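Encoded as structure tokens, the structure appears first; notes follow it.
The values are calculated or read from the model by the stated rules, or taken from the named source; none is laboratory data. The structure presented is a predicted model; accordingly, all values stated were derived computationally and were not measured. When we count neighbours, we look across all protein chains shown, and the Cβ atoms used for this are built from the backbone with ideal geometry, even at glycine.
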Amino acid sequence: MTARILVVDDVAANRRLLEARLRAEYFEVSQAASGAEAIAMALSWSPDIILLDVMMPVMDGFECCRLMKADPATQHIPVVMVTALVDTDERVRGLEAGADDFLSKPVGEATLLSRLRALLRVKQVTDAWRLRQNTARELGLEAQPPLALALEGTRALLLRTDRAEVELLGGMLAADGISLLNGGDEAHARQLLAGGGFDLVLLSLREPDTEALRFASSLRASAATRDLPLLLVGDPGQQAQILRGFDLGANDHVLRPVDANELRARVRNQIRRRRFQESLQNDLDRSLEMAVTDPLTGLRNRRYVRRHLDGLLRAGKGAAALLVDVDYFKRINDGFGHASGDQVLQEIALRMQDELRASDVIGRYGGEEFLMVLVTAAEEEVMAVAARLQSAVADKPFRLGDQRVSITISTGVAIATTDTTSDALISAADTALYRAKRAGRDRVELANDADLSGPTSAAAAAF
Ligand SMILES: [Mg+2]
């Protein structure tokens, strides 16, 4: 795993020592000698991880970390505080400044690499989402601002432990509104996790506990629990096991006796990180939804319906295309204004949607044209749907201001035979639609075999 590491320390010898060790592991390394320089480098060099000395003149590590975590441009970069202090209060201060992890000086080789790998795994996931979010933004799709962190109602699961520990840790987390449930044995825990609704898993390690580590690794292997933060609870003598846990996918750990403030700060950071990933994902879902939706009618757009039709034809399940055009739509726009025209399109969209089954897809194809894709090739059934659409529009006048206006539609229907492409099917529906228009409008025409195989009609201009 190659990555960029920024080493921040006011003492040059410390920077050089860490740099040499990281380079030996093929990391790319840069150095910063002060907090201000670190912030500048975080912005200009985009490191994957920042190793941040706590004791520095002018701006100390806490302040530097707080500033980077407050800036949307740098807040996603994991910060590991490197400190000679082992005092719990100092650790909690660092966690509250947003630090993702701690290493104590002198930094042990195994610990350093195992922590870096754990943080890099998480950052890869976040980066993938950030990248997709940027793509969506470049396409002009708006992203939502990140949500504030609300812990109230968060659920965490504690595994492989006794009731006393559940009560002890549960009491600590309750102060933040987090409820801690006893996961019980492995089978029970899996069942609970499959039900969803958890934001964090705590895994208790007891001497020597290979079962727990096997479980940690299985959580990472399953898609449903892969991104759940995993925090180990261990004894001071279990360092080797904890490091192994990090290699298997744990995100953080606390040691017994557990300090309430440290546990709460670590849990908060893990949940903050998870919420951040979730908000990136939700942004993306919203962007995708926007990318396939017609903003005026809320129907699927042309691109989506065509893709859907391609898929159906490939699956060979039988498909029919209905191309619907509003008759004399120009008269509505000219006579009542474009706002009324839009209103008519919205109303027609609603009325047609009511006539379709859940498996049918309806989209706005452009202007006053709609394209429906039905999952059937049975002519009688398809023509019955087309007839229902005609009546749904024609039978009830549209209210425009204080007037009631009768509006009709014309429909071209094409039913796929073996080997029909989506282009050929839509083009055949278009030819049939043209016939319906010429035959006086307010009617349905079915494409024939010649339409399906013949050259495309360039008749749209005549409508
Ligand atoms: Mg220092």
Please determine, by comparing only the residues of the stretch 40-56 that are within 12 Å of the ligand (Cβ to nearest atom) and in a loop (DSSP other than H, G, I, E, B), which one is nearest to D100 (Cα to Cα). V54
Name the single residue that is nearest to the chain's Cα centre (by Cα) among those in the stretch 341-377 being surrounded by 15 or more Cβ atoms within 10 Å (Cβ to Cβ) and basic (K, R). R364
So is V107 within 16 Å of the ligand (Cβ to nearest atom), touching a residue at least 24 places away in the same chain (Cβ under 8 Å) and part of a loop (DSSP other than H, G, I, E, B) or not? yes
The residue that is nearest to L280 (Cα to Cα), considering only those in the stretch 76-92 that are of a type outside the set (S, T, Y) and surrounded by fewer than 16 Cβ atoms within 10 Å (Cβ to Cβ), is D89
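Scan the stretch 275-288 and tell me whether some residue there is among the aromatic types (F, W, Y), crowded, with 20+ Cβ neighbours inside 10 Å, farther than 30 Å from A378 by Cα and in contact (Cβ under 8 Å) with a residue 60 or more places away in the chain.
If we filter the stretch 275-288 for residues that are among the aromatic types (F, W, Y), which is where we start, we get 276.
From what's left, crowded, with 20+ Cβ neighbours inside 10 Å: none.
No, every residue in the stretch 275-288 fails to be among the aromatic types (F, W, Y), crowded, with 20+ Cβ neighbours inside 10 Å, farther than 30 Å from A378 by Cα and in contact (Cβ under 8 Å) with a residue 60 or more places away in the chain.
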In the stretch 325-428, which strands (runs of 3 or more DSSP E) lie fully inside it and hold 1 or more residues that are without any contact (Cβ under 8 Å) to a residue 40 or more places away in the chain and of a type outside the set (S, T, N, Q)? 398-400, 403-405
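Taking the condition within 12 Å of the ligand (Cβ to nearest atom) and either in contact with a strand residue (DSSP E or B) (Cβ under 8 Å, 6 or more places away or on another chain) or free of Cβ contacts under 8 Å to residues at least 24 places away in the same chain (or both), does V29 pass?
On the way: within 12 Å of the ligand (Cβ to nearest atom): no; either in contact with a strand residue (DSSP E or B) (Cβ under 8 Å, 6 or more places away or on another chain) or free of Cβ contacts under 8 Å to residues at least 24 places away in the same chain (or both): yes.
Here the answer is no, as V29 does not meet what is asked.
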Within the stretch 313-324, considering residues that are more than 22 Å from A392 (Cα to Cα) and touching a residue at least 12 places away in the same chain (Cβ under 8 Å), the one surrounded by the fewest Cβ atoms within 10 Å (Cβ to Cβ): G316
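What do you reckon, is E37 farther than 23 Å from P106 by Cβ and either not assigned by TED's automatic domain parsing to the domain that holds R256 or not in a helix (DSSP H, G or I) (or both)? Full working, then the answer.
Values: farther than 23 Å from P106 by Cβ: yes; either not assigned by TED's automatic domain parsing to the domain that holds R256 or not in a helix (DSSP H, G or I) (or both): yes.
For E37, the condition - farther than 23 Å from P106 by Cβ and either not assigned by TED's automatic domain parsing to the domain that holds R256 or not in a helix (DSSP H, G or I) (or both) - is met.
Conditions (1) within 16 Å of the ligand (Cβ to nearest atom); (2) under 33 Å from the mean Cα position of the chain (by Cα); (3) free of Cβ contacts under 8 Å to residues at least 60 places away in the same chain, marked per residue:
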{"position": "E37", "(1), (2), (3)": "yes, no, yes"}
{"position": "C64", "(1), (2), (3)": "yes, yes, yes"}
{"position": "K69", "(1), (2), (3)": "no, yes, yes"}
{"position": "V80", "(1), (2), (3)": "yes, yes, yes"}
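Test of understanding: among L116, L112, L95, L17, which residue is assigned to a helix (DSSP H, G or I), surrounded by fewer than 21 Cβ atoms within 10 Å (Cβ to Cβ) and away from the ligand (no atom under 16 Å from the Cβ)? Talk me through it step by step, then tell me what you get.
Numbers: L116 fails: surrounded by fewer than 21 Cβ atoms within 10 Å (Cβ to Cβ); L95 fails: surrounded by fewer than 21 Cβ atoms within 10 Å (Cβ to Cβ); L17 fails: away from the ligand (no atom under 16 Å from the Cβ).
Selected residue: L112, the only one of L116, L112, L95, L17 that is assigned to a helix (DSSP H, G or I), surrounded by fewer than 21 Cβ atoms within 10 Å (Cβ to Cβ) and away from the ligand (no atom under 16 Å from the Cβ).
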